[in-house]
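Nothing in this text is a laboratory measurement; each read-out follows from the coordinates by a stated rule. Being a predicted model, the structure only gives us computed values, none of them experimental. In this analysis, Cβ positions are derived from the backbone assuming ideal geometry, glycine residues included, and neighbour counts consider all displayed protein chains.
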Amino acid sequence: MKELEEKIRREGQVRPGNILKVDSFLNHQMDIDFINEMGKEFKRLFSDRPINKILTIEASGIGIACITAQYFHVPVVFAKKSYSINLDGSLYSTKIQSFTHNRVYDVIVSKKYLTPNDHVLIIDDFLANGCAVNGLIELIGEAGATLEGVGICIEKGFQDGGSKLRASGVNLHSLAIIDSMSDNDVIFRSQDE
């Protein structure tokens, strides 16, 4: 998505440790008109799939997942990073290593919101090493649900998460794939590759 690449070049900031800061439009302050266009693009990319649920992880994926869900007319379920007293019943859980926060989270989803009848699209803001997506795929497997695809806003193509997911047969579409980053520039992979 060329518009996303241009927005990253204009508003993104590269930080030490391969961190790309896009908090001016995606994961702190949200440019809803722009995110709406990304939601439309995810609908176009996955329109041939029988999706009846979107799954993401709190917190940064929730906004894009909700906007995308309006085009599929399906609910969003988000995996919680901590147990709370308002969760009742049986839960699916897994552990996920966060690249950005450099810590391991126990993530949970109520069994009543992820079932064997679900055809699930995972939506998230970033893909680096693939730990979050793999954890969500594990939760889908525990539920006996069907993974229909993974939609990512920004993939760090120089890290191995995307290549491993594609090699395992996951239907993965990223709106922007970064091949390399430096203080002065962000190089994107051609979407034809």
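The table for this structure:
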{"item": "FRET efficiency for residue 117 and residue 28, using Cβ-Cβ distance with R0 set to 25 Å, rounded to 0.05", "result": "0.10"}
{"item": "Contour minus Cα-Cα distance for residue 102 and residue 49 (0.36 nm per residue)", "result": "15.7 nm"}
{"item": "Full-stretch length increase - residue 18, residue 71 - with 0.36 nm per residue and alpha-carbon distance subtracted", "result": "15.8 nm"}
{"item": "Protection proxy ranking, peptides 42-52, 169-179, average beta carbon neighbours within 10 Å, highest first", "result": "169-179, 42-52"}
{"item": "Proxy reagent accessibility, fewest Cβ within 10 Å first, across 146, 68", "result": "146, 68"}
{"item": "Principal axes of the stretch 112-190: Cα extent on each, largest first, Å", "result": "47, 21, 19"}
{"item": "Square roots of 5 times each gyration tensor eigenvalue, C-alpha, the chain, largest first, Å", "result": "26, 18, 16"}
{"item": "Net lengthening on full extension, residue 163/residue 3 (0.36 nm per residue, minus Cα-Cα)", "result": "55.3 nm"}
{"item": "Neighbour-count order for 73, 28, fewest beta carbons within 10 angstrom listed first", "result": "73, 28"}
{"item": "Equivalent ellipsoid dimensions for the stretch 9-118 as semi-axes, Å, which come from the Cα gyration tensor, largest first", "result": "25, 22, 11"}
{"item": "Restraint check, 7/112; 2/112; 40/81, Cα-Cα greater than 31 Å", "result": "7/112; 2/112"}
